[in-house]
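Written out below as structure tokens is the structure these notes cover.
The values are calculated or read from the model by the stated rules, or taken from the named source; none is laboratory data. The structure displayed is predicted, hence computed values, not measured ones. Because the Cβ atoms are built from the backbone with ideal geometry, glycine has one as well, and the counts that use them run over all protein chains shown.
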Amino acid sequence: MKTLLFCTLFLMSFITFSQKGQIGIFIPIDNPIKSVMPNMGTNIGFGLQGSYSPIYGSPFYIELKGSWGTYSQKSLEQTYYFSDSSQTTTNVFYKSSMRKYLLGTKFMVGNDFRMVRGFITPQIGLAKYRTNIVITDPSDVDDCKPLDRKTTQKDIGFVYGGELGIEISLEKLIHNIEGENKHKLVISGSYLAGFNHFEYVNVKHMKDEIHGTNVTHADADINTTFINLSTKEIHEHKIGELYHTSLMYWGINIGYVYNF
């Protein structure tokens, strides 16, 4: 509901106040630079964009883009051992997402009525990582259960970057589309980096494994507490791996915009 309300207000604001503007949708494909983020997966999602020109006919636009994507999703069977030799086996579901909110100054290159028109957009904004880890309720003879079935790890910070791309007139590309240069196919390349380090969960390299002790391979472990209801014994076990690195992506964006 919050996302739907944000999207509605987002589009209405650009339609109401623009001298000349664009609204559109796009698919972002964000690829981490492995030398900087070796344990991050590719983020693929959905986005909305809106832009307006303060001066009618100017090639300068102010643009706002928001996107929501998932970079990892996995379900694993995990076995946890207690010191009294009891054990519990259960499924753990991991879902990791990335959101971006970017404000940019878009400069159009070329005549508005050409078939192909270029643009460049320096950007600044926010990026947010979020991972939900859900442990299903195990059924075993020892009656061991997690005290917290759901764990959420999240981080947010400021980012900067830019886009370089082209707009293709669909009226000129497909002759049976009616309109006055209103419909555009947009293809762009992008770069995104963080001002500071970010924390994210390494889900891509998690695997089915037996947990007897916490062996750390990452910058930090995410742990949760299990209890044996028969003996009241409590143990902590690792359920995720947390990494602390810089943020750096190159991306591809494919979308559609409507000019008004």
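Of all residues in segment 1-39, those that are touching a strand residue (DSSP E or B) at 6+ places or on another chain (Cβ under 6 Å), over 30 Å from Met248 (Cβ atoms) and either at pLDDT 55 or above or not in a helix (DSSP H, G or I) (or both) total 4. For segment 52-69, give me each residue that is within 14 Å of Gly255 (Cα to Cα) and either small (Gly, Ala, Ser) or free of Cβ contacts under 8 Å to residues at least 40 places away in the same chain (or both). Result: Gly66, Ser67. Within segment 220-231, residues that are touching a residue at least 12 places away in the same chain (Cβ under 8 Å) reach partners that are of a type in the set (Ser, Thr, Tyr) and part of a strand (DSSP E or B) with beta carbons closer than 8 Å, at six or more positions or on different chains, in the pairs Ile222/Thr151; Thr224/Thr151; Phe226/Tyr80; Phe226/Thr88.
May I ask you to verify whether Val109 is aliphatic (A, V, I, L, M), at pLDDT 85 or above and over 29 Å from Thr70 (Cα atoms)? Judged against the criteria, Val109 is a match. The number of residues in segment 230-260 that are under 28 Å from Gln87 (Cα atoms) and of a type in the set (S, T, N, Q) comes to 2.
Within segment 193-206, the presence of a residue that is assigned to a loop (DSSP other than H, G, I, E, B), modelled with pLDDT under 80 and touching a helix residue (DSSP H, G or I) at 6+ places or on another chain (Cβ under 9 Å) is excluded. Can you say whether Tyr129 is modelled with pLDDT of 95 or more, out of contact with any helix residue (DSSP H, G or I) (no Cβ under 6 Å at 6 or more places or on another chain) and surrounded by 17 or more Cβ atoms within 10 Å (Cβ to Cβ), as far as the supplied structure shows? Yes.
Taken over segment 244-260, residues that are part of a strand (DSSP E or B) and surrounded by fewer than 18 Cβ atoms within 10 Å (Cβ to Cβ) amount to 7.
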